[in-house]
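Peer 1: Take this structure, written in structure tokens, and hold onto it; I'll ask about it next.
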Amino acid sequence: MQAAPVHATAIPTVKNALRAVESLLMGGGQRTARRNAWNSVLEDRRRAKDRVEAQRVLEQFPAVRP
């Protein structure tokens, strides 16, 4: 007699669980707006990081004056 095959069920990640709750609570338009806003925040952070790095590079070289 053989044992019944065991099927593993994937445990949902926190991210997936939050997205599932989000989809239940918010309409599609709100969800899209929220994701767009978050992507804007991430892009602003990236640009700020780039500005800081550019400032560091510029500070390494003295200004050339005639």
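Peer 1: Between ARG45 and ARG19, what length in nm is gained on full extension when 0.36 nm per residue of separation is reduced by their alpha carbon distance?
Peer 2: Full-extension gain reported as 7.0 nm.
Peer 1: Add +1 for every Lys or Arg and -1 for every Asp or Glu among the other residues with Cβ under 14 Å from the Cβ of PRO12, and state the total. If you can, show how the numbers build up before the last one.
Peer 2: Numbers: positive: LYS15, ARG19; negative: GLU22.
Within the 14 Å Cβ shell, the charges total +1.
Here, each number is a calculation from the coordinates, and none is a lab measurement. The structure presented is a predicted model; accordingly, all values stated were derived computationally and were not measured. Note: ideal-geometry Cβ built from the backbone for every residue, glycine included; neighbour counts use all protein chains shown.
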